[in-house]
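A quick write-up on the structure given underneath.
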Amino acid sequence: MPSPANSRVLSAFLDYLKIEKGLGTLTVTAYTTDVTQFAAYLEKHKRTLLNARRDHVRGFIQQLFSNSVDGRSVGRKLSALRHLYRYLLLDKMIEHDPTLNIDSPKQWKVLPKALARDEMDAMLNRPRLPSHRKDKVAEAIAERDRAMLEVFYAAALRVSEIVGVKLEDLKLDLGYVLVRGKGDKERIVPLGKGAQDALSQYMKHSRPILARGNTSPLLFLGRGARKLTRQRVWQTVRAASAGAGRNASPHMLRHSCATHMVENGADLRTVQTILGHADISTTQVYTHLALDRLKNVYQKHHPRAKARG
């Protein structure tokens, strides 16, 4: 249920919609549902319909896109909010319209989801297997999965890339891996110390156990030197993230690598090279994530960031 403050606004807005010309019953019902949904979003952010800001409208729309709501539905919801705030302005209940200068849904780019750095740390530093499961094969699989997670995050690889990495592609002593991406294009991606250490352990102890005397040109192996399937890799990431309290995908680890690099000041050309993007415009989406983070930190820590009454 909406808060009392939001309920009063919703009730007044519904009365306004009923008498406004040109809106059918279905549209009125849909608009009421849309505004109620926005009110619920605001309450999670400790705001009401009367003191919402443009960032809250943008955040609401971004959440809709992240939840795979189609552009047409998002457009209708934005239209509902514009009707709401036009009414509130006319009735002098607010002074500023937070829907002004909001791009139409067709112009929005869906920002990729990324894990926070502490969430990534929780995934990568999960406890080892419990004592009752410490057989050699189970430990080898756990060590392999840890190495894969480190490489996902260090090198921002796609699933197809990580299952296709060959032994000869790994230059552990030099700290990089050769990756074959889309269109069979090759790129060199550096590996951080965490990934290097995990790979070293995997290569030394676990890979021989999983190979069982068989040979394979691939770096990451299933039992008996079988090639890992994409589904198996997805399951590995899901299981690891669930243990850290999230429900992540391999692509989220790729996005997390790029996002954290941009947040820490990496230039877009470097990030583009690591990700293997043909066009830098594809990489530029990460600047929006970094800007949102910058604005949040600024609002939280700058002594004059918040307007004074």
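The values are calculated or read from the model by the stated rules, or taken from the named source; none is laboratory data. This one's a predicted model, so the numbers in the text were calculated from it and none came from an experiment. Virtual Cβ from ideal backbone geometry, glycine too; neighbours counted across all protein chains shown. For accessibility, only protein heavy atoms count, side chains too; no ligands or nucleic acids. Shrake-Rupley method; radii C 1.70, N 1.55, O 1.52, S 1.80 Å.
Structure summary
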{"item": "Sequence-separation-based contact order of the chain, relative, with Cα cut under 8 Å and 6+ spacing, percent", "result": "15"}
{"item": "For a label point 7 Å along the Cα-to-beta-carbon line of Ser11, residues of segment 73-92 with backbone N under 17 Å", "result": "none"}
{"item": "Accessible area per residue, Å², the chain with all protein chains present, probe 1.4 Å", "result": "57"}
{"item": "Distribution of pairwise C-alpha distances over the chain, 20 Å bins, in %", "result": "27, 44, 25, 5"}
{"item": "Pairwise Cα inverse-distance average, inverted: Kirkwood Rh of segment 153-309 (Å)", "result": "17.6"}
{"item": "Rounded to 10°, Cα long-axis angle of helix 230-243 versus longest principal axis of the chain", "result": "70"}
{"item": "Rounded accessible area of Ile274 (nearest 10 Å², 1.4 Å probe)", "result": "20"}
{"item": "Solvent-accessible area, 1.4 Å probe, carbon plus sulfur percent, for the chain", "result": "51"}
{"item": "Per-residue SASA entry for Met252, accessible area with 1.4 Å probe, Å² rounded to 10", "result": "20"}
{"item": "Heavy atoms of Leu100: accessible area, 1.4 Å probe, square angstrom to 10", "result": "100"}
{"item": "In degrees, nearest ten, helix 136-155 long axis to first principal axis of the chain (Cα)", "result": "50"}
{"item": "20 Å Cα-Cα reach of Lys136 towards aspartates and glutamates, excluding residues that sit fewer than 8 places from it in its own chain", "result": "Asp145, Asp197"}
{"item": "Cα pair count fraction exceeding 23 Å, expressed as % - segment 1-102", "result": "19"}
{"item": "Entries of Lys77/Lys113; Lys113/Lys166; Lys166/Lys193; Lys44/Lys300; Lys185/Lys227; Lys171/Lys204 with Cα pairs more than 24 Å apart", "result": "Lys113/Lys166"}
